[in-house]
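Throughout, read-outs are computed from the coordinates displayed, never taken from laboratory work. Worth saying up front: this structure is predicted, and the values here are computed from it rather than measured. Glycine gets a Cβ as well: all are built from the backbone with ideal geometry, and neighbour counts include every protein chain shown.
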């Protein structure tokens with residue numbers, strides 16, 4: 001019998017080094033938490049933002065994506081210009097945790113311009129974390145398992161996002177938007193804190 005091309009234990013994060021394992025767990029939580037908001041974000045804009053409509057929702061999404069896209073490359077260039085992984089690590093940890101707290105701002109805004117500022121902040125924090133996360137993941141990935149470990153990463157983060165999106169809709173519908181935001185923030189911040197155990201494995205110099 002020929003062995004499986006991918007050991008099923010990989011999906012349970014076995015046979016993966018510690019750094020990659022915690023990076024994947026961190027993003028399972030962070031991306032999954034973001035997925036909880038996805039089904040109800042347009043409803044939030046309609047119900048809680050004055051004059052909230054499809055135009056406001058489209059602008060909010062565009063501001064986040066444009067900000068993230070514009071700032072990612074300059075930030076990545078700065079990270080690459082500094083030798084060692086110390087800068088990558090602290091960018092990733094600090095801004096992952098800050099990004100986790102951003103949804104709390106949805107509880108105190110009611111104007112489109114305020115929503116746009118929140119989306120801008122979210123875009124900046126994402127741009128700060130994404131290049132550093134990818135840099136550390138790329139450097140520490142197990143040799144000859146590159147495709148497998150990237151595949152595991154995307155499979156598990158997509159599944160968590162899908163599962164928590166359904167749960168997020170149920171929570172918003174039964175317990176309300178405020179409860180959902182508190183849960184999202186708790187999961188996101190926990191995801192950021194899951195990056196702390198990899199510090200001993202980071203090349204600081």
Discussion item. Using only the Cα atoms of the range 135-205, what are the Rg and Dmax in Å?
Written reply: 16.4, 50
Fill in: Contour excess over end-to-end distance, with Cα ends at residue 134 and residue 162 and 0.36 nm allotted per residue
7.9 nm
Worksheet item: Listing 87, 27, 80 from the residue with the fewest other Cβ atoms within 10 Å to the one with the most, what is the order?
Response: 80, 87, 27
Discussion item. Translational diffusion coefficient of the range 86-174 at 37 °C, 0.692 mPa s, Stokes-Einstein with Kirkwood Rh over Cα pairs, in µm²/s as a whole number.
Written reply: 212
Discussion item. Multiplying the sequence separation of residue 65 and residue 196 by 0.36 nm and subtracting their Cα-Cα distance, what value in nm do you get?
Written reply: 44.4 nm
Item to complete: For helix 112-140, report the angle its Cα long axis makes with the longest principal axis of the Cα atoms of the chain; keep it between 0 and 90° and round to the nearest 10°.
Response: 0
Worksheet item: Which one, (1) 1.02; (2) 1.09; (3) 1.29, gives Cα Rg over 2.2 N^0.38 Å as derived from the coordinates shown?
Response: (2)
Worksheet entry | Nearest-ten-degree value, helix 54-81 long axis tilted from longest Cα axis of the chain | 30
Item to complete: Round to a whole angstrom and tell me the spacing of the C-alpha centers of the range 59-125 and the range 165-205.
Response: 16
Response to the item:
To the nearest 0.05, the calculated FRET efficiency linking residue 117 and residue 83 through their beta-carbon distance, R0 being 30 Å, is 0.30
Discussion item. Give the average over all directions of the projected area of the C-alpha convex hull of the range 157-196, one decimal, in nm².
Written reply: 2.8
Worksheet entry | Calculated [θ] (222 nm, deg cm²/dmol) that DSSP helices of n ≥ 4 give over the chain, each run adding -39,500 (n - 2.57) | -25000 deg cm²/dmol
Worksheet, complete the sentence: If the chain between residue 18 and residue 154 were fully extended at 0.36 nm per residue, the gain over the current Cα-Cα distance would be 47.2 nm
Worksheet item: Can you list, largest first and rounded to whole Å, the semi-axes you get for the range 46-118 by taking the square root of 5 times each eigenvalue of its Cα gyration tensor?
Response: 31, 15, 6
Worksheet entry | Per-residue Cβ neighbour rank within 10 angstrom, fewest leading, 146, 85 | 146, 85
Worksheet entry | Sequence of 96, 69, 161, 188 once ranked by neighbouring C-beta atoms within 10 Å, starting from the fewest | 69, 161, 188, 96
